[in-house]
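> This is the structure, below, for whatever I ask next.
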Amino acid sequence: MIEEKRLLHTAKEAKTPFFIGVDVGGTSIKIGLVDDYGCSIDSGAINDEGVHLSCISIRTEPHPQTAIELIAEAIHDMFRRLHIDKTSCNGLGLGIPGTMDMVSRKLRQPPNLHSWEGFPICDELSKLIGLPVLFCNDANAAAYGEYWVGSASGHSSMALLTLGTGIGCGIIIEGRSVDGATGYGGECGHLVIDCTENALLCGCGQRGHLEAYCSAIGVARRTIHLTDRRESSIRSRISPETRLSEIAKIVCREAEKGDSLAYEIIMETAKYLSLGIVSLLNTVDPACVLLGGAMTFGGRDTQLGQHFLNQITNEVKNRAFKAVAKNIVIDFAILGSDAGYIGAAGLAREDYKHYFESH
C-alpha cells in the first residue's frame, strides 16, 4: 500500500480546494474528502484498532433516493466534524459500477443495483449537497486514483485492469477518463482473445472474452477442468460446497506450497492476460498498465506475485511492437480499495480545472 502519510492529512495541513469522492459498491459506499494534493483528509472515524481512517463507509441502500440522502447526510456530518466550510469544496465525483447515459447522467444496467437504473442520481445528489456532481464509472475512478497519486503517478496515460470476480478496466489519457459515447469505454474485460467455436463462455453470454479466462471465475472453471484430468493438491481442497470465487485463492495457496499444476494455471492466466494487454496497447498505447483487484496472486509482496507479473511482462514484450515493448511499464496498483473514492474526487477536480481553463 502507498505510505499512509500520503493518504492522510489533517484538515489544517490540507491544501484547498477540497473535493469529495464517493465510491458506490454493491453492499457499501465509501466517502472521502480529498485535498488538492490528492491526499485524503482524516475524517475522524476510528477503527477497532484505534487507527484513524481516511474515509467513512455507509451501507448501500436498495432504493436510490434513500441512498443519496444517506450520502448527503454523511457529507454534511463530515464537514461539521472537520470544521470545514462547504465553500472550500468545489465538487464531488460519484463512482458507480455499470454504464452511464452520458446525456441524461443516469445509470444504465448497474450490476447489483437494478433499482437504481434510470434514477437521475447526479442531479438529485447535487441538489442535496449544493455542489456539482461528476458521474464516473467505478473502474475509471480507481484508474484515476492510481494515475493521480498511485503507481501510475508521473505517467501521461495509463490503464488499470482489476482482476476479481470479473475484470474491470479504466483508461486515463492526459488526465481524462475514456468513457466512450455510450459509457462502455474501457470495457477491456470483454476483449476477444479466443475466437474458436469452443472458446470459454463469458458471464456476459459471449465466448472467448478475456474475462472468461482471467477473472477469478474464469480461473476457477479452468482449474476444475484441469484437475479432473491431472493430479494436483488442488483437488482435495475443492468440495461441492466450495464457491467458484474462492478457487483462485486455493490455486494461489497451493502454488505457494509448490503444486506444479497450480503454478501452471497462474502462469497460463498471465499468458492469457498478456493477450488482452497487447490489444489494449495497440488501441490506446498507454504509458503504463497496472494490475489491481483481489486476484493478483500475492502482488508485489510475494515471490509468486512477482513471477505472475514477470510472466505477463515477458509475454507482452514478445508480442507487442518493439517501440511499445521497450517503453511500457507494467506494475501492480498500490491504492487498494482507496483508489475508487480518491480517483472519483480527482476526476471531479480535473473536471473543475477543465471548466475554468476553457472559460
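The values are calculated or read from the model by the stated rules, or taken from the named source; none is laboratory data. The structure presented is a predicted model; accordingly, all values stated were derived computationally and were not measured. Glycine also receives a Cβ, built like all others from the backbone with ideal geometry; neighbour counts cover every protein chain displayed.
> Which ones in the stretch 289-324 are closer than 19 Å to HIS155 by Cβ and buried (at least 16 other Cβ atoms within 10 Å of the Cβ)? Don't jump to the end; show me each part of the working.
Taking the stretch 289-324 as the starting set, the residues that turn out to be closer than 19 Å to HIS155 by Cβ are 289-292, 300, 309, 312-313, 316-317, 320-321, 323-324.
Scanning the stretch 289-324 gives VAL289, LEU290, LEU291, GLY292, LEU309, ILE312, THR313, VAL316, LYS317, ALA320, VAL324.
> If the requirement is being in a helix (DSSP H, G or I) and either of a type outside the set (Gly, Ala, Ser) or at pLDDT below 95 (or both), which of these qualifies: MET1, MET78?
Numbers: MET1 fails: in a helix (DSSP H, G or I).
Result of the check over MET1, MET78: MET78.
> Then there is this: If we scan the stretch 88-106, do we find a residue that is out of contact with any helix residue (DSSP H, G or I) (no Cβ under 7 Å at 6 or more places or on another chain), in the same structural domain as GLU13 (by TED's automatic domain parsing) and closer than 17 Å to GLY130 by Cβ?
Yes: one or more hits.
> Picking from ALA345, ALA339, which residue would you name as being out of contact with any helix residue (DSSP H, G or I) (no Cβ under 6 Å at 6 or more places or on another chain), surrounded by 17 or more Cβ atoms within 10 Å (Cβ to Cβ) and under 19 Å from GLY154 (Cα atoms)?
Result of the check over ALA345, ALA339: ALA345.
> Only residues that are surrounded by 24 or more Cβ atoms within 10 Å (Cβ to Cβ) and aliphatic (A, V, I, L, M): list them for the stretch 276-288, please.
ILE277 - this is the single residue of the stretch 276-288 that is surrounded by 24 or more Cβ atoms within 10 Å (Cβ to Cβ) and aliphatic (A, V, I, L, M).
> All but one of (1) out of contact with any helix residue (DSSP H, G or I) (no Cβ under 9 Å at 6 or more places or on another chain); (2) hydroxyl-bearing (Ser, Thr, Tyr); (3) farther than 30 Å from LEU94 by Cα hold for TYR263; state the number of the condition that does not hold.
With (1) out of contact with any helix residue (DSSP H, G or I) (no Cβ under 9 Å at 6 or more places or on another chain); (2) hydroxyl-bearing (Ser, Thr, Tyr); (3) farther than 30 Å from LEU94 by Cα applied to TYR263, the lone miss is (1).
> Let me ask another. Kindly indicate which of HIS190, HIS225 is buried (at least 18 other Cβ atoms within 10 Å of the Cβ) and of a type outside the set (D, E, K, R).
Numbers: HIS225 fails: buried (at least 18 other Cβ atoms within 10 Å of the Cβ).
When all the criteria are applied, what remains is HIS190.
> Follow-up. Confirm whether LEU291 is in the same structural domain as HIS225 (by TED's automatic domain parsing), touching a residue at least 40 places away in the same chain (Cβ under 8 Å), under 30 Å from PHE19 (Cα atoms) and out of contact with any His (no Cβ under 8 Å at 6 or more places or on another chain). Full working, then the answer.
Working: in the same structural domain as HIS225 (by TED's automatic domain parsing): yes; touching a residue at least 40 places away in the same chain (Cβ under 8 Å): yes; under 30 Å from PHE19 (Cα atoms): yes; out of contact with any His (no Cβ under 8 Å at 6 or more places or on another chain): yes.
For LEU291, the condition - in the same structural domain as HIS225 (by TED's automatic domain parsing), touching a residue at least 40 places away in the same chain (Cβ under 8 Å), under 30 Å from PHE19 (Cα atoms) and out of contact with any His (no Cβ under 8 Å at 6 or more places or on another chain) - is met.
> A further question on this structure: Does GLU350 satisfy the criteria of being acidic (Asp, Glu) and more than 18 Å from TYR144 (Cα to Cα)? Steps first, answer last, please.
Details: acidic (Asp, Glu): yes; more than 18 Å from TYR144 (Cα to Cα): no.
Against the criterion (acidic (Asp, Glu) and more than 18 Å from TYR144 (Cα to Cα)), GLU350 does not qualify.
> I'm trying to understand the selection: among the residues of the stretch 177-200, which are modelled with pLDDT of 90 or more and not polar (S, T, N, Q)? Talk me through it step by step, then tell me what you get.
Looking only at the stretch 177-200, we keep the residues that are modelled with pLDDT of 90 or more, and these are 177-178, 188-200.
Hits for the stretch 177-200 are VAL178, CYS188, GLY189, HIS190, LEU191, VAL192, ILE193, ASP194, CYS195, GLU197, ALA199, LEU200.
> Please give the number of the condition VAL289 fails out of (1) touching a Gly at 6+ places or on another chain (Cβ under 6 Å); (2) not in a helix (DSSP H, G or I).
(1)
> Another question, then. Going through the stretch 96-106 one residue at a time, which ones are buried (at least 23 other Cβ atoms within 10 Å of the Cβ) and either modelled with pLDDT of 95 or more or out of contact with any strand residue (DSSP E or B) (no Cβ under 6 Å at 6 or more places or on another chain) (or both)?
Within the stretch 96-106, no residue meets the criteria.
> Sticking with this one: Based on what the data block shows, is LYS326 of a type in the set (Lys, Arg), assigned to a helix (DSSP H, G or I) and modelled with pLDDT under 95? Walk me through it before giving the result.
On the way: of a type in the set (Lys, Arg): yes; assigned to a helix (DSSP H, G or I): yes; modelled with pLDDT under 95: yes.
In short, yes.
> Output yes when any residue across the stretch 166-181 is under 21 Å from PRO286 (Cα atoms), of a type in the set (Ser, Thr, Tyr) and surrounded by fewer than 19 Cβ atoms within 10 Å (Cβ to Cβ), and no when none is.
Going residue by residue through the stretch 166-181, those that are under 21 Å from PRO286 (Cα atoms) are 167-181.
Then drop every residue that is not of a type in the set (Ser, Thr, Tyr), which leaves 177.
Now drop any that are not surrounded by fewer than 19 Cβ atoms within 10 Å (Cβ to Cβ), which leaves none.
No: zero hits.
> Quick one: in the stretch 214-240, of everything that is touching a residue at least 24 places away in the same chain (Cβ under 8 Å) and assigned to a loop (DSSP other than H, G, I, E, B), which residue is nearest to the chain's Cα centre (by Cα)?
Per the stated criteria, the residue is SER215.
> Tell me whether the stretch 148-157 contains one or more residues that are over 30 Å from GLU246 (Cβ atoms), under 16 Å from the mean Cα position of the chain (by Cα) and β-branched (Val, Ile, Thr).
yes
> Among the numbered conditions (1) touching a helix residue (DSSP H, G or I) at 6+ places or on another chain (Cβ under 7 Å); (2) at pLDDT 90 or above; (3) not small (Gly, Ala, Ser); (4) not in a strand (DSSP E or B), tell me where ASP123 comes up short.
(1)
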